[in-house]
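Remarks on the structure that follows.
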Amino acid sequence: VPGPGPRDERRRELAANEALSEVLASGYTQTPEPAQAILKVAEDYPKTAAGSRALLIGGAKFFTEGNYTEAEAQFRKYLRDYPEFPSVSEALLGVAACLDAAGKTNEAVAAYKDIVERRPNDVVAPAARLALGRLYEAQGNTKSAQEMYQQVMRSTGGSKAQEAEMRLDQL
(Lines give C-alpha, C1' and ligand atoms only; values in the text may rest on other atoms or scores of the structure.)
Protein backbone atom coordinates (compact mmCIF):
# COMPACT_ATOMS: atom_id res chain seq x y z
CA VAL A 1 0.00 0.00 0.00
CA PRO A 2 1.58 3.28 -1.06
CA GLY A 3 2.11 6.04 1.53
CA PRO A 4 0.52 9.46 1.45
CA GLY A 5 0.97 11.25 -1.83
CA PRO A 6 1.86 14.88 -2.56
CA ARG A 7 -1.82 15.86 -2.57
CA ASP A 8 -2.30 14.41 0.94
CA GLU A 9 0.81 16.21 2.15
CA ARG A 10 -0.46 19.52 0.75
CA ARG A 11 -3.82 19.03 2.46
CA ARG A 12 -2.12 18.22 5.76
CA GLU A 13 0.14 21.28 5.44
CA LEU A 14 -2.88 23.47 4.67
CA ALA A 15 -4.78 22.06 7.66
CA ALA A 16 -1.75 22.70 9.88
CA ASN A 17 -1.47 26.30 8.65
CA GLU A 18 -5.17 26.87 9.26
CA ALA A 19 -4.96 25.42 12.77
CA LEU A 20 -1.99 27.61 13.67
CA SER A 21 -3.62 30.69 12.18
CA GLU A 22 -6.80 30.08 14.18
CA VAL A 23 -4.90 29.71 17.44
CA LEU A 24 -2.83 32.83 16.83
CA ALA A 25 -5.76 34.89 15.52
CA SER A 26 -7.82 34.15 18.63
CA GLY A 27 -5.22 36.11 20.60
CA TYR A 28 -6.16 39.21 18.65
CA THR A 29 -9.88 38.92 19.28
CA GLN A 30 -9.85 37.43 22.80
CA THR A 31 -7.14 36.91 25.35
CA PRO A 32 -3.87 35.62 23.91
CA GLU A 33 -3.72 31.87 23.59
CA PRO A 34 -1.50 30.09 26.09
CA ALA A 35 1.65 28.46 24.80
CA GLN A 36 0.03 25.04 25.30
CA ALA A 37 -2.63 25.83 22.66
CA ILE A 38 0.05 26.85 20.20
CA LEU A 39 2.10 23.73 20.94
CA LYS A 40 -0.95 21.56 20.33
CA VAL A 41 -0.64 22.49 16.66
CA ALA A 42 2.95 21.22 16.69
CA GLU A 43 1.75 18.01 18.34
CA ASP A 44 -1.20 17.54 15.97
CA TYR A 45 0.78 18.36 12.82
CA PRO A 46 4.34 17.06 13.24
CA LYS A 47 6.76 17.35 10.32
CA THR A 48 4.86 20.28 8.79
CA ALA A 49 6.07 23.85 8.35
CA ALA A 50 3.22 25.10 10.55
CA GLY A 51 4.08 22.52 13.20
CA SER A 52 7.68 23.70 13.21
CA ARG A 53 6.59 27.35 13.47
CA ALA A 54 4.29 26.44 16.34
CA LEU A 55 7.27 25.08 18.29
CA LEU A 56 9.22 28.30 17.76
CA ILE A 57 6.24 30.50 18.63
CA GLY A 58 5.43 28.38 21.68
CA GLY A 59 9.04 28.53 22.83
CA ALA A 60 9.09 32.31 22.37
CA LYS A 61 5.83 32.62 24.32
CA PHE A 62 7.24 30.61 27.23
CA PHE A 63 10.37 32.80 27.08
CA THR A 64 8.39 36.05 27.32
CA GLU A 65 6.46 34.58 30.23
CA GLY A 66 9.76 33.90 32.02
CA ASN A 67 9.50 30.12 31.80
CA TYR A 68 13.01 29.62 30.40
CA THR A 69 13.18 25.90 31.12
CA GLU A 70 10.06 25.16 29.07
CA ALA A 71 11.10 27.62 26.36
CA GLU A 72 14.47 25.91 26.04
CA ALA A 73 12.75 22.52 25.84
CA GLN A 74 10.63 23.71 22.89
CA PHE A 75 13.61 25.18 21.04
CA ARG A 76 15.58 21.97 21.59
CA LYS A 77 12.60 19.93 20.37
CA TYR A 78 12.62 22.04 17.21
CA LEU A 79 16.33 21.32 16.71
CA ARG A 80 15.76 17.61 17.24
CA ASP A 81 12.61 17.29 15.11
CA TYR A 82 13.34 19.82 12.34
CA PRO A 83 17.12 19.88 11.78
CA GLU A 84 16.72 20.56 8.05
CA PHE A 85 14.11 23.32 8.36
CA PRO A 86 15.13 26.92 7.65
CA SER A 87 14.60 28.32 11.15
CA VAL A 88 17.24 26.20 12.89
CA SER A 89 19.25 29.35 13.60
CA GLU A 90 16.33 30.94 15.42
CA ALA A 91 15.98 27.83 17.56
CA LEU A 92 19.72 27.88 18.33
CA LEU A 93 19.46 31.52 19.36
CA GLY A 94 16.40 30.64 21.44
CA VAL A 95 18.35 27.98 23.34
CA ALA A 96 21.23 30.39 23.95
CA ALA A 97 18.88 33.16 25.13
CA CYS A 98 17.14 30.74 27.51
CA LEU A 99 20.46 29.69 29.02
CA ASP A 100 21.44 33.35 29.30
CA ALA A 101 18.15 34.39 30.91
CA ALA A 102 18.32 31.46 33.34
CA GLY A 103 21.73 32.66 34.54
CA LYS A 104 23.64 29.73 33.03
CA THR A 105 26.39 32.04 31.82
CA ASN A 106 29.02 29.51 30.79
CA GLU A 107 26.51 27.46 28.83
CA ALA A 108 25.08 30.61 27.25
CA VAL A 109 28.55 31.79 26.19
CA ALA A 110 29.20 28.40 24.60
CA ALA A 111 25.84 28.46 22.79
CA TYR A 112 26.30 32.00 21.46
CA LYS A 113 29.90 31.21 20.43
CA ASP A 114 28.66 28.17 18.54
CA ILE A 115 26.28 30.36 16.53
CA VAL A 116 28.95 33.01 15.85
CA GLU A 117 31.57 30.45 14.81
CA ARG A 118 29.43 28.00 12.87
CA ARG A 119 26.94 30.47 11.36
CA PRO A 120 28.88 33.74 11.08
CA ASN A 121 26.80 35.13 8.20
CA ASP A 122 23.43 33.95 9.45
CA VAL A 123 20.62 36.37 10.19
CA VAL A 124 20.86 35.64 13.94
CA ALA A 125 24.66 36.08 14.12
CA PRO A 126 24.54 39.82 15.00
CA ALA A 127 22.16 39.15 17.91
CA ALA A 128 24.40 36.33 19.10
CA ARG A 129 27.47 38.59 18.87
CA LEU A 130 25.74 41.35 20.84
CA ALA A 131 24.70 38.91 23.56
CA LEU A 132 28.15 37.36 23.64
CA GLY A 133 29.73 40.82 23.91
CA ARG A 134 27.42 41.65 26.82
CA LEU A 135 28.38 38.42 28.60
CA TYR A 136 32.09 39.06 27.97
CA GLU A 137 31.62 42.55 29.44
CA ALA A 138 30.02 41.07 32.56
CA GLN A 139 32.97 38.69 32.89
CA GLY A 140 35.43 41.59 32.62
CA ASN A 141 36.73 40.37 29.25
CA THR A 142 36.75 43.81 27.61
CA LYS A 143 38.91 42.84 24.64
CA SER A 144 36.58 40.02 23.55
CA ALA A 145 33.53 42.22 24.13
CA GLN A 146 35.03 44.95 21.91
CA GLU A 147 35.76 42.38 19.22
CA MET A 148 32.14 41.18 19.22
CA TYR A 149 30.77 44.72 19.04
CA GLN A 150 33.13 45.64 16.22
CA GLN A 151 32.04 42.56 14.28
CA VAL A 152 28.39 43.60 14.70
CA MET A 153 29.15 47.09 13.42
CA ARG A 154 30.97 45.67 10.37
CA SER A 155 28.36 43.07 9.53
CA THR A 156 25.04 44.84 9.95
CA GLY A 157 23.33 48.18 10.19
CA GLY A 158 20.32 49.54 11.99
CA SER A 159 19.57 49.13 15.66
CA LYS A 160 22.00 46.27 16.24
CA ALA A 161 24.92 48.32 14.91
CA GLN A 162 23.79 51.31 16.98
CA GLU A 163 23.62 49.18 20.11
CA ALA A 164 27.08 47.78 19.40
CA GLU A 165 28.44 51.30 18.88
CA MET A 166 26.85 52.49 22.14
CA ARG A 167 28.31 49.54 24.06
CA LEU A 168 31.74 50.17 22.53
CA ASP A 169 31.57 53.80 23.59
CA GLN A 170 30.71 52.73 27.15
CA LEU A 171 33.71 50.42 27.30
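The values are calculated or read from the model by the stated rules, or taken from the named source; none is laboratory data. These numbers were taken from a predicted model, which means no experiment stands behind them. All Cβ positions, even for glycine, are placed from backbone atoms using ideal geometry, and neighbour counts span all protein chains on display. The accessibility values were calculated without ligands, DNA or RNA, using every heavy atom of the protein model including side chains. Shrake-Rupley method; radii C 1.70, N 1.55, O 1.52, S 1.80 Å.
Heavy atoms of the protein chains alone define the surface here; on that basis the chain has 57 Å² accessible area per residue at 1.4 Å probe size. Rounded if a/c is under 1.5, else prolate if a/b beats b/c, else oblate: with a ≥ b ≥ c from the C-alpha gyration tensor eigenvalues square-rooted, which is segment 41-86? Verdict is prolate for segment 41-86.
Note the count of lysine pairs whose C-alpha atoms are less than 16 angstrom apart in the chain, limited to pairs 8 or more residues apart or on different chains. Mind showing how you got there, number by number?
Numbers: 40/61; 40/77; 47/77; 61/77; 104/113; 113/143.
Within the chain, the lysine pair count is 6.
Projected label points at residue 79 and residue 114, each 7 Å from Cα along the beta carbon direction, are separated by 0.3 nanometres. Given their separation in residues at 0.36 nm each and the Cα-Cα distance between them, residue 18 and residue 147 gain 42.0 nm when the chain is fully extended. Sparsely packed loop sites in segment 48-117 (the GluC sites (Glu not before Pro) outside DSSP H, G, I, E and B with at most 10 other Cβ atoms within 10 Å) comprise 84. Just the protein heavy atoms count here, and of the accessible area of the chain at 1.4 Å, carbon and sulfur take up 50 percent. Dipole check for the chain: with +1 at the C-beta of Lys and Arg, -1 at the C-beta of Asp and Glu, and the Cα centre as origin, the magnitude is about 300 Debye.
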